[in-house]
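> Handing you this structure, nothing more for now.
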């Protein structure tokens with residue numbers, strides 16, 4: 001090809017060249033790019049004319065990059081990556097400039113590393129978004145959302161009507177037993193093993209579906225659960241009652257590490273399905289910009305391999321994701 005004066009190629013043309021270099025086949029490359037083969041061929045020729053170089057050797061049997069094409073390919077990738085980074089930065093700047101909101105994020109344990117990471121990352125992503133943390137117990141998590149004194153809550157399901165949720169991780173449900181109980185010497189138990197043992201009663205203000213779920217009531221054989229008359233409202237009060245030998249309680253796997261206490265033992269329950277660790281919000285407020293932004297931040301912070309593994313320490317996120325989008 002006759003060398004002409006080189007001008008600036010477009011990022012789109014460079015993207016086409018990169019895909020063609022990966023496939024070395026016009027048909028497959030065009031299919032990946034969702035364009036026709038003639039359009040791809042014309043665009044590659046236009047790029048060659050712009051640069052004044054032959055980049056691709058074509059034949060009826062094969063496609064190969066020329067030496068010039070091979071030399072320019074790393075630079076093409078760098079230019080495409082730079083264009084992508086520019087676009088992402090522009091989008092982030094637009095989001096930051098458009099968003100100004102203050103949200104209250106509730107949780108059982110606001111000191112968890114993952115929650116601190118969410119707050120820091122939200123500020124990086126959206127400088128106009130202020131996130132305040134507030135301790136919210138399991139008794140008032142629904143009320144906090146429906147009455148508006150928390151905008152979002154990190155908790156465990158299930159959630160009642162009027163509340164929407166995004167699952168962050170799956171946590172095993174475990175049982176908390178008095179350390180002196182004969183079953184406490186085991187590594188795991190079944191619901192049949194726990195039959196007849198009283199479950200620490202929770203506050204009546206909790207939704208019935210939530211109380212039933214966390215007591216495994218009814219049991220697989222259809223039998224009803226026997227409750228104590230505690231009306232517990234905090235994890236601490238539940239653990240204390242169990243330690244005194246007054247009953248048992250079911251909780252999420254994280255409690256075994258977050259609430260260790262003398263006189264109790266946490267055991268795996270082989271036939272209990274896992275519970276979802278959730279970010280929740282009032283359905284009526286779903287599309288508010290601050291909540292949309294918060295969901296995006298939480299999704300990115302928790303999108304790690306650890307979160308996908310059952311029982312992993314999803315709450316112990318050690319570091320923030322990259323500050324780039």
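The values are calculated or read from the model by the stated rules, or taken from the named source; none is laboratory data. Since the model is a prediction, treat every value here as computed from it, not as a measurement. Note that each Cβ is placed from the backbone with ideal geometry, even for glycine, and that neighbours are counted across all protein chains shown.
> Of the conditions (1) over 30 Å from residue 125 (Cα atoms); (2) at pLDDT below 90; (3) touching a helix residue (DSSP H, G or I) at 6+ places or on another chain (Cβ under 6 Å), residue 83 satisfies every one except a single condition; which number is it?
It fails just one condition, (1).
> Looking at 197, 154, 191, 177, which one is touching a strand residue (DSSP E or B) at 6+ places or on another chain (Cβ under 6 Å), touching a residue at least 60 places away in the same chain (Cβ under 8 Å) and over 30 Å from residue 295 (Cβ atoms)?
177
> Can you say whether residue 280 is at pLDDT 90 or above and under 17 Å from the mean Cα position of the chain (by Cα), as far as the supplied structure shows?
yes
> Would you point out the residue of the range 86-111, among those that are assigned by TED's automatic domain parsing to the domain that holds residue 128, surrounded by 12 or more Cβ atoms within 10 Å (Cβ to Cβ) and farther than 21 Å from residue 290 by Cβ, that is modelled with the lowest pLDDT?
109
> Quick one: count up the residues across the range 42-64 that are assigned to a helix (DSSP H, G or I), surrounded by fewer than 18 Cβ atoms within 10 Å (Cβ to Cβ) and either outside the structural domain of residue 78 (by TED's automatic domain parsing) or free of Cβ contacts under 8 Å to residues at least 40 places away in the same chain (or both).
3
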